[in-house]
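Accompanying notes for the structure given below.
The values are calculated or read from the model by the stated rules, or taken from the named source; none is laboratory data. Since the model is a prediction, treat every value here as computed from it, not as a measurement. Cβ: placed from backbone, ideal geometry, glycine included. Neighbour counts: every protein chain shown. Please note that ligands, DNA and RNA were not included when accessible areas were found on the heavy atoms of the full protein model with its side chains. Shrake-Rupley method; radii C 1.70, N 1.55, O 1.52, S 1.80 Å.
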Amino acid sequence: MEQLRTIGRELAMGSQGGWGQSKEFLDLVKSIGEVRSKAEEDRIIARELEHLKRRLADPDVPRRKMKELLLRLVYAEMLGHDASFGHIHAVKMTHDESLPLKRTGYLAVALFLDERHDLVILVVNTIQKDLRSDNYLVVCAALTAACRLIGEEAIPAVLPQVVELLAHPKEAVRKKAVMALHRFYQRSPSSVSHLVSNFRKRLCDNDPGVMGATLCPLYDLILEEPNSYKDLVVSFVNILKQVVERRLPTSYDYHQIPAPFIQIKLLKILAVLGSGDKQASGHMYTVLGDIFRKGDTASNIGNAILYECICCISSIFPNPKMLEAAAETTSKFLKSDSHNLKYMGIDALGRLIKINPDIAEEHQLAVIDCLEDPDDTLKRKTFELLYKMTKSTNVEVIVDRMIEYMINITDHHYKTEIASRCVELAEQFAPSNQWFIQTMNKVFEHAGDLVNIRVAHNLMRLIAEGFGEEDEGADSQLRSSAVDSYLRIVGEPKLPSSFLQIICWVLGEYGTADGKYSASYIIGKLCDVAEAHLTDDTVKAYAISAILKIFAFEIALGRKIDLLPECQTLVDELSASHSTDLQQRAYELQALLGLDKNAVESVMPADASCEDIEVDRNLSFLNSYVQQALENGASPYIPESERSGVISVGSYRSQEQQETSAHTLRFEAYEMPKPSLPLATSQTSMSTPTTDLVPVTEPGYYKEDHQTSKSQPPGDAVSGEFGVKLCLDGVQKKWGRPTYSSSTPSSLASSQQTTNGASHSDGGGSSSQPRESSYGSKRQQGTEVSAEKQRLAASLFGSAAAKADRKAQASRKTAKDSPSTEKVATTNVTAQPVKEQVIPAAPPPDLLDLGDEPVSSNPPSADPFSQLEGLLGPASAAPVLSGTPATSTSKAPDLMSIFSDDVPTGVASGSTDPTLGDVNSTSSHKGATAVASKKGPSLQDALQKDATARQVGVTPTGNNPNLFKDILG
Amino acid sequence: MIQAVMVISTQAKPRLLKFYNFQPPEKHQDLVRSVFQLLSARPDSVSNFVKVDSIFGPGTKLVYKHLATLYFVFVFDSSENELAMLDLIQVFVETLDKCFKNVCELDIVFNFNKLHTILDEMILGGQVIETSSEQIMKSVEEIERLEKQSSTTSFIPKSITERFTR
């Protein structure tokens, strides 16, 4: 009776709603549509799942009903609720002989399970059986499930049947069998490698659909090893030709284009096969030319084919005529109004400039438009293009643009990517060390926690080494300006950890060097840093080491020093720290305070972080000591390899032996435990150089004892603290959420300033004022805009770029050298602080605006740290900028003034570039209204449908119930 | 290859989820949420492509179409052409429209199994196998016809048929 009623209701529903679902499902959807909170929805679904659990287990449920129950289960799982209890029912349903139930079962199984699931083994058997079925729909369902569920181990079980199906009379089955084989190939190439010839055979299938499907596996195979498929080039070209000439049945046309997806796949294959192969490419030119000629730029799919054609041409052996056609199509894309086409155009341009960099020049304005487009996707794609076309002539503009953009990104992933790209480009093309440091400061400030710590070490090294050995004055100028600017921003909240490390190191090393700041002032700042970053041991370690260095320098100068109370607190706290590293540093500091002037001078010589340390690996200076010991009856040292019977404990033993023969301090080097150190230090200060210590020989031994330095001439001793710095590498790496300073406006201004810096000084001061004021409303003022764009374009692409580039080519090599040596050096330092002789390559003379000029002539432009001063707000930044002569353009101050007008206090943090923001909002607004107005009058039946929809509670469709009319019509 | 097909309502409810690389069910909601956040933040007049490395792994892209109350989303890797994928969405939507006559969100909610059938005819194992909406419709109708034929026995309760088959 109950069943009859159910059936009756179902029939009623069938006639009423037309959705063929039961009232219960309808009610479920309706109630979910009406819920106001997630909790409410969860409750409803939980109730539904309870109900389904009961019904599915009930043997008296009609089988037709089972289908619906299972679908409801799938629905519940789609909404994110656990329906695992029903998986077994889905598996059972695949055994059913009724087609609808079987298909539903397969659908559910394919959605619920993956190849590693335990229940899959029960399905494999069914798939096997169904692949042999007479009913081709059953076979198709089984093949679809096989694509999803057959893992590596199960492939042999079904492989024979699938191969048989390749010859099935129904083309739909053949097609799916090909795809199933392809899937097996992806899972486990070895299991089907002997069947590859089948794919070739299917390429000649009578049915174009099967042939098209075969292109998918062939594409993968050809990507693997293009050379074994070169014989197919002619066939592929012929197929493509036939398709293009409309020899296929018109049923394969799509929007009046013959079989576009087959064309695209073929073009992809040809691109791979023709890559670097002149002969193979020769076959393709004619048909590619045909495609360009017949190309339909009106439809989306026509453009897709053209784009693919450009990709193919840029990949195969270049042909001038083809390239010309490709460039022409690309420019059509770029000039289009559609963002999608612009995107494709930028991508195509990126491919073409690899072959012929000059192509970009023609499209410079279009590229710049894309760069300023509110569409984020397009912007990113354009940055990708710029990244590809960066060279030493335009690196400054591009990197500055990137940084400017980076500041406003919230997406971590992308921010990391663009930050590391900035670093990469800066390292590769930096026109000068000064610019490099400047750029790195900006990157660190905004994305310090996202870039590799290696970059931070590089920056410290650059500051320490300076630009050129012959010009000490410039170096110290650079350093004191570094100290100045770092001192100003060190108090900013939320500076990234790696940036703070740089700041601490520079303050420690050079804070008191020019006598401008007192030691206690610097120490006070450093204490503040340590206090403000309680959880960051690395920063604390850098801070305490910096304090130690300042004390050392003071003592060496013979000045009296007092331990400030906050410094005393810090030292006390750190000597009780859980971190042995921090403890050691604190104790070292205390020990150092007890030393006399001469001792301190040799332990910690001033500004010696880049000096070389010679390590005598043979420990020859110990010879006399050893000799003495031997004379006193000690047993001679036997190398480990020559010893017998101690192999198992070899290393440990031998260490101990060495230690006893050398010095007790030897032990510490490995573990850096603490307490013995102060004692040891004072001890060694008494001892004579000859009997002193063992220099370090193990490669992994990065921690240099200060005692070691003591025993050596002062010039060599430095790596002491350099080693201490770098050893942090292994101690802790924090890659937390990026935090960046909130003073965006001023920093924006500062990055703007460099955007215009150096590359185009042609923009006279007179014209820049009005232009800048129109910056915010540039849409209205076309001519002015284009002036600015042209300037940007000139700096990016520069018609003179070709010439300049050639000149720079030579110098670039030198520029490139320096980062690479640095890289090597960094790793060296960590491993062995021994050989550290890195001479920064002299920057190319034509690009270097500092080095060979007298320093005093243009101090502000030589000052990369003036950037940072911008952080303090416009007021303090203004004097610096106004003083900017010669190399940086007059545009900078104007920009500055705009920003200070708009955001006088420098508060509005995180605000985007006002122009972009405006454009963004207006255009999106326009877009919204446009879409709304596009929606046409709705058809009557659609209205009815919508009424039902409302009644059932699903999201009402707004004023357009007839959903897709506007796109389909 | 195509990695996922999603239909998400503008209320952030998933209407259809199909992953061609297995994703554990627990992760589905996270994916839907991140994709929805991404799409809802985009204005109307911009391009239909988004890079989604951070959601679906390196090199993945997403093409979407916003139609009335639904987002149609295809996720794929570098071996597919963005514009072509956009047209594949078009094929999918055209087929739905043919199938349901003026399709609306409700059709999709109630017949998500039919959507799966349609998708299975279009995409298999992440590769496009059919792009003609007429052809897809033909296959789907054929399936329905055969399903109806073979469902004549379906009113007999499960317990009875099981007794017979034993």
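One table, with the values for the structure above:
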quantity: Of residues in region A:524-543 being among the hydrophobic types (A, V, I, L, M, F, W, C) and open to solvent by 50 Å² or more (accessible area, probe 1.4 Å), the one farthest from A:Y486 (Cα to Cα); calculated: A:L534
quantity: All positions within region B:68-88 that are within 7 Å of another protein chain (Cβ to nearest Cβ), over 30 Å from A:I269 (Cα atoms) and within 14 Å of the chain's Cα centre (by Cα); calculated: none
quantity: Residue ID - farthest from the chain's Cα centre (by Cα), chosen from residues in region A:172-191 that are away from chain B (no Cβ under 13 Å) and in a helix (DSSP H, G or I); calculated: A:S191
quantity: Which listed residue, of B:L31, B:L88, B:L62, is over 25 Å from A:K415 (Cα atoms), at pLDDT 90 or above and of a type outside the set (V, I, T); calculated: B:L88
quantity: Boolean, A:D528 is outside any loop (DSSP other than H, G, I, E, B), without any contact (Cβ under 8 Å) to a residue 40 or more places away in the chain and over 20 Å from A:V451 (Cα atoms); calculated: yes
quantity: Qualifying residue in region A:149-171 (condition: at pLDDT below 90, within 9 Å of another protein chain (Cβ to nearest Cβ) and closer than 19 Å to B:T117 by Cα); calculated: no
quantity: Wholly enclosed strands (runs of 3 or more DSSP E) of region B:20-96 bearing at least 2 residues open to solvent by 10 Å² or more (accessible area, probe 1.4 Å), touching a strand residue (DSSP E or B) at 6+ places or on another chain (Cβ under 9 Å) and under 17 Å from A:H339 (Cβ atoms); calculated: B:49-51, B:61-67
quantity: Subset of region B:89-125 that is more than 10 Å from the chain's Cα centre (by Cα), touching a residue at least 40 places away in the same chain (Cβ under 8 Å) and at the interface with chain A (Cβ under 8 Å from one of its Cβ atoms) - its residue that is nearest to A:L71 (Cα to Cα); calculated: B:V109
quantity: Test: residue in region A:354-369 that is touching a Leu at 6+ places or on another chain (Cβ under 8 Å) and either within 14 Å of another protein chain (Cβ to nearest Cβ) or modelled with pLDDT of 90 or more (or both); calculated: no
quantity: Residue identified as basic (K, R), within 17 Å of B:G125 (Cα to Cα) and more than 7 Å from every other protein chain (Cβ to nearest Cβ) among B:K65, B:K18, B:K27, B:K61; calculated: B:K18
quantity: Boolean, A:L574 is open to solvent by 60 Å² or more (accessible area, probe 1.4 Å), free of Cβ contacts under 8 Å to residues at least 60 places away in the same chain and within 24 Å of A:I453 (Cβ to Cβ); calculated: no
quantity: Wholly enclosed helices (runs of 4 or more DSSP H) of region A:36-137 bearing at least 2 residues touching a residue at least 24 places away in the same chain (Cβ under 8 Å) and more than 13 Å from chain B (Cβ to nearest Cβ); calculated: A:38-57, A:87-94, A:120-131
quantity: Answer from A:L592, A:L582, A:L570, A:L563 - the residue that is touching a Phe, Trp or Tyr at 6+ places or on another chain (Cβ under 9 Å) and part of a helix (DSSP H, G or I); calculated: A:L592
quantity: B:F36 within 19 Å of the chain's Cα centre (by Cα) and more than 7 Å from chain A (Cβ to nearest Cβ); calculated: yes
quantity: The one condition in (1) under 17 Å from the mean Cα position of the chain (by Cα); (2) modelled with pLDDT under 90; (3) at the interface with chain A (Cβ under 7 Å from one of its Cβ atoms) that B:S45 fails to fulfil; calculated: (1)
quantity: Leading residue by the ranking (least open to solvent (accessible area, probe 1.4 Å)) among those in region A:242-284 that are touching a strand residue (DSSP E or B) at 6+ places or on another chain (Cβ under 9 Å) and assigned to a loop (DSSP other than H, G, I, E, B); calculated: A:A259
quantity: Answer residue from region A:317-355, given it is under 31 Å from the mean Cα position of the chain (by Cα) and not in a helix (DSSP H, G or I) and is nearest to A:K294 (Cα to Cα) among those; calculated: A:S336
quantity: Matching residues in region A:175-216 - criterion: being basic (K, R) and open to solvent by 30 Å² or more (accessible area, probe 1.4 Å); calculated: A:R187, A:R200, A:K201, A:R202
quantity: Region A:93-140: number of residues that are among the small types (G, A, S) and out of contact with any Lys or Arg (no Cβ under 8 Å at 6 or more places or on another chain); calculated: 2
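For every residue, the table says whether it meets (1) more than 27 Å from A:I437 (Cβ to Cβ); (2) more than 14 Å from chain B (Cβ to nearest Cβ); (3) surrounded by 21 or more Cβ atoms within 10 Å (Cβ to Cβ).
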| position | (1), (2), (3) |
| --- | --- |
| A:S331 | yes, yes, no |
| A:E384 | no, no, no |
| A:N394 | no, yes, yes |
| A:Y405 | no, yes, yes |
